[in-house]
Amino acid sequence: MTTVLPGAQDAREAGFEQAVAADERIEPRDWMPDAYRATLVRQIAQHAHSEIIGMQPEANWITRAPSLRRKAILIAKVQDEAGHGLYLYSAAETLGTSREELLDKLHSGRQKYSSIFNYPTLTWADVGAIGWLVDGAAITNQVPLCRCSYGPYARAMVRICKEESFHQRQGYELLHALSNGTEAQHAMAQDAVNRWWWPSLMMFGPPDDQSSHSAQSMAWKIKRHSNDELRQRFVDIAVPQAESLGLTLPDPQLRWNEERGHYDFGPIDWTEFQQVLKGNGPCNEQRITQRRRAHQEGAWVREAAAAHAAKHSARNTEAAA
Ligand code: FAQ
């Protein structure tokens, strides 16, 4: 048992607060408050789960991509999402939580993943809309996380953001091709944007006055901006992009507000968001069933990898003796 000398706890807490205030990074071996650790595990786990569940909606179109080029791009993108999951589970492991434990919480519904991945991909244009809007929203939210106070999470986000930026551009390019294609292709692109717009705005989380974690996470510099600030930033970026795509956004209240220097937008259906979070979205059941199945079917791979690692470790011990 470690004995904490009187005053030592206060000194460690003060050291932590000072490091955060000075914009220094907190590293795995540094002392941190239990609540800071728990908040990071919660957010990083939810983020990692989103990346791997997020593979499903687009993977749905790999076998039906309209050309070899589109198929190769889509396979690479879906693989990137798996990689993002791995970086993030590794970042969570540095906080003392195993990947097994986190996956168990995902599979048993005790940890969340992003609401956005509970919507179906009905047409090929949905692949473009996910790239443009979902990856676009993800980048807007995640670029500030590169400056998160926890070192391993911040460093993982640098690479993830570079890849997400490529994903966003491929989605934009795909939609641009459809929007400027035949009448039917244009209509398909418009329909996809109509369905993905509002759920993309919900990705940023509840409004600030209902966000239970924002204030503390911002004080700890885990989050750098509030949910509403980032949502507004995303709307301001997306509106001119929609114009240059030749597509409209499904919001009659969307207009430039000269005074605010931002676009005003209509009310978000937070009842729908809450329903999706409760498991009642269009694809919640399908997503989690597929995830559990993939995990079971991958059991032999995990066993083989563990046996391989054990064999190498035994050989190294033998060689060292
Ligand atoms: N969906 O107090 P807040 C991607 C929950 S990755 C589900 O505001 P916080 C890449 C929240 O957990 C997308 N749950 O919470 C990709 C909390 O629940 P709890 C994922 C949500 O943490 C692209 C409660 O509501 N990105 O797209 C959502 O301060 C294409 C109260 O909310 C990240 O995870 C939601 N949308 O702020 C992959 C980024 N929003 O735990 C494949 C990192 C909120 O108390 C294809 N995460 N909740 O039970 C964050 O920045 C934050 O966690 C927020 C939420 C902003 C998501």
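The values are calculated or read from the model by the stated rules, or taken from the named source; none is laboratory data. Please read all numbers here as calculations on a predicted model, not as lab measurements. Cβ: placed from backbone, ideal geometry, glycine included. Neighbour counts: every protein chain shown. Surface areas here come from the heavy atoms of the whole protein model, side chains and all, with no ligands, DNA or RNA. Shrake-Rupley method; radii C 1.70, N 1.55, O 1.52, S 1.80 Å.
In deg cm²/dmol, rounded to 500, what helix-only [θ] at 222 nm does the chain give when every DSSP H run of at least 4 residues adds -39500 (n - 2.57) and the total is split over its residues? Display every interim value, and only then the final one.
Working: 14 runs with 203 residues, N = 321.
So the helix-based figure for the chain works out to -20500 deg cm²/dmol.
Heavy-atom accessible area with a 1.4 Å probe sorts Y36, Y113, Y172, largest first, into Y172, Y113, Y36.
If the chain linking H262 and V301 were pulled fully straight, counting 0.36 nm for each residue of separation and taking away their Cα-Cα distance, it would gain 9.0 nm.
Springs between Cα atoms under 10 Å define the GNM used for the chain, and in it the highest mean-square fluctuation of Q296, Q56, Q190 occurs at Q296.
What do you get for the angle between helix 151-179 and the principal long axis of the chain? Use alpha-carbon atoms, 0 to 90 degrees, nearest ten. The helix 151-179 is inclined about 10 degrees to the chain.
Excluding ligands, DNA and RNA, the accessible surface per residue across the chain is 51 Å² with a 1.4 Å probe.
Taking the charge dipole of the chain about its Cα centre, with +1 at Lys and Arg Cβ atoms and -1 at Asp and Glu Cβ atoms, the residue from A82, G131, S217 reaching farthest to the positive side is A82. What the phi angles of region 119-128 give under the Karplus curve with 6.51, -1.76 and 1.60, with θ = phi - 60°, is a coupling list of 10, x, 9, 7, 9, 4, 5, 4, 5, x Hz, glycine and proline written as x. Once all protein chains are placed together, V301 keeps about 80 Å² accessible to a 1.4 angstrom probe.
Counting only heavy atoms of the protein chains and using a 1.4 Å probe, I268 has close to 30 Å² of accessible surface. Solvent-accessible area of region 53-125 (1.4 angstrom probe, protein heavy atoms only): carbon and sulfur portion equals 58 percent. Here the dipole of the chain is about 1000 debye; that uses its Cα centre as origin and unit charges on the Cβ of Lys and Arg (positive) and Asp and Glu (negative).
Electrostatic tally near E58: other residues with Cβ closer than 13 Å to its Cβ, Lys and Arg +1, Asp and Glu -1, net 0. The alpha-carbon of K105 sits under 17 angstrom from the alpha-carbons of these lysines, leaving out residues fewer than 8 places away in its chain: K278. Per-atom-type breakdown for region 159-262 gives carbon and sulfur 53% of the accessible area (1.4 Å probe, protein chains only). Proximity of backbone amide H atoms, modeled 1.01 Å from N, is registered between Y150 and I26 at under 5 Å, excluding neighbours fewer than 5 places apart on the same chain. Compared with the dominant Cα axis of the chain, that is its longest principal axis, helix 227-245 is turned about 40°. Remark on H262: its backbone amide H falls under 5 Å from those of N257, a criterion applied only to residues 5 or more positions apart or on other chains, H modelled at 1.01 Å from N.
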